[in-house]
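The values are calculated or read from the model by the stated rules, or taken from the named source; none is laboratory data. Just so we're clear, the structure is a prediction, and the values are computed from it rather than from any experiment. Because the Cβ atoms are built from the backbone with ideal geometry, glycine has one as well, and the counts that use them run over all protein chains shown. When the accessible area is computed, the model is the full protein with side chains, heavy atoms only, and any ligands, DNA or RNA have been set aside. Shrake-Rupley method; radii C 1.70, N 1.55, O 1.52, S 1.80 Å.
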Amino acid sequence: MVKPHLLHPPCNFPIRKDELSRSRPFEPDAALTSLLAFWAEAGVDTAYAEQPVNRLEEGRRRLEAPTRTAAAVVRGEPSLVLSSVGGGVGTASAVAIARDQARAAGSLEDLAAAIEAFELCPLRTMGARQSVFSRGRPDAAVMLIGEGPGADEDLQGLPFVGKAGKLLDRMLAAAGLEGEVFITNTVFWRPPGNRTPTPEEQAICAPFVARAIELLDPRLLVLVGGAAAKAMLGRPEGILSLRGRWTEWTGEDGHARPTLPTLHPAFLLRQPAAKKQAWTDLMSIAARLDRERGSP
Ligand code: URA
């Protein structure tokens, strides 16, 4: 294994002749690609940061973080948010700014623009290409909240468009809910390596999620997967015990909305036998929607 900082290329990176000619603007991406190619050729297969990072400590802090964090923030209890997101802005400040900006949005389009412009979610600096806010009807009766964008969503800028999203769409269509939904996530930038978003990342995005619920004003909320259920409800149970049981989610407007946690389609792709339970949940959503609309 060769460490990059032990290598000393003649300059910071190899400069190509055409870059010296000044006939076209300097391209940081091209320079980075060139530097990486130089290191790879030299046998570098591992990248190190300047300072060591204690991952065990990071994990411990995460485990000790209050499990109610994201849900508590949504309910307006930022004092539960204790840690710092780095870059000089603490999580509590980022949450407060997110809340101000979310409140200022008077429509879902405004909210999408506010999210795109929001720079204080640490996920923004971890390789995400763009923000991923929503897809579906802006007047939908059912709002689905998933975990966070994956690689396909990051590329297309829309939630649930990969393999799991296609399964979700097929299931919604089979349950007669195809044109009834608005879909978003607990975070709006792809977590690196598709890891689960941290409670801090979810807490910082939570005011935008809460505002989306207020603006859309759906009849029903559906929490797709354990990470969404945990963030929105702040309950310690796993998704297998939460799923299929109706509960309520109450926003700052005091409006309690019927809310159902269900299984994540990515889980269903790995555990097809669980589709039966997901189907039961979809039937329950369809029936509840009929009831909410006053159908017999
Ligand atoms: N999984 C999620 O939770 N959300 C997406 O948008 C895609 C996959």
Hey, Ile213 over 14 Å from Thr262 (Cβ atoms), touching a Gly at 6+ places or on another chain (Cβ under 6 Å), open to solvent by less than 20 Å² (accessible area, probe 1.4 Å) and among the aliphatic types (A, V, I, L, M) or not: yes
query: In segment 246-291, how many residues are at pLDDT below 95 and either closer than 18 Å to Arg235 by Cβ or surrounded by 14 or more Cβ atoms within 10 Å (Cβ to Cβ) (or both)?
result: 2
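Quick one: which residue in Thr186, Thr196 is over 19 Å from Ala117 (Cα atoms), among the β-branched types (Val, Ile, Thr) and either in contact (Cβ under 8 Å) with a residue 24 or more places away in the chain or in contact with a strand residue (DSSP E or B) (Cβ under 6 Å, 6 or more places away or on another chain) (or both)?
Values: Thr186 fails: over 19 Å from Ala117 (Cα atoms).
None of the others qualify; the one that does is Thr196.
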Residues of segment 163-173 satisfying the condition of being farther than 21 Å from Glu116 by Cβ and near the ligand (Cβ under 8 Å from one of its atoms): Ala164
- request: Report, by residue number, each residue of segment 230-264 that is in a strand (DSSP E or B) and either of a type in the set (A, V, I, L, M) or closer than 17 Å to Val181 by Cα (or both).
  value: Ala256, Arg257, Pro258, Thr259, Leu260, Pro261, Thr262
field: Selection from segment 130-160 of residues that are in a loop (DSSP other than H, G, I, E, B), within 10 Å of the ligand (Cβ to nearest atom) and closer than 22 Å to Trp246 by Cβ
entry: Glu147
field: Hits in segment 222-242 - residues which are in contact with a helix residue (DSSP H, G or I) (Cβ under 9 Å, 6 or more places away or on another chain) and either open to solvent by 40 Å² or more (accessible area, probe 1.4 Å) or away from the ligand (no atom under 15 Å from the Cβ) (or both)
entry: Lys230, Leu233, Gly234, Arg235, Pro236, Glu237, Gly238, Leu240, Leu242
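Within segment 89-113, restricting attention to residues that are outside any helix (DSSP H, G or I) and open to solvent by 10 Å² or more (accessible area, probe 1.4 Å), which residue is modelled with the lowest pLDDT?
Out of the qualifying residues, it is Val89.
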task: Name every residue in segment 198-222 that is in contact with a Phe, Trp or Tyr (Cβ under 9 Å, 6 or more places away or on another chain) and farther than 16 Å from Val142 by Cα, in order of residue number.
output: Glu201, Ile204, Cys205, Phe208
- line: Scanning segment 170-207 for residues that are in a helix (DSSP H, G or I) and within 19 Å of Arg288 (Cα to Cα), the one least open to solvent (accessible area, probe 1.4 Å) turns out to be Leu172
- request: Select from segment 245-261 the residues that are touching a strand residue (DSSP E or B) at 6+ places or on another chain (Cβ under 6 Å) and either under 14 Å from Ala229 (Cβ atoms) or among the β-branched types (Val, Ile, Thr) (or both) and list them in ascending order.
  value: Trp246, Thr247, Glu248, Trp249, Thr250, Thr259, Leu260, Pro261
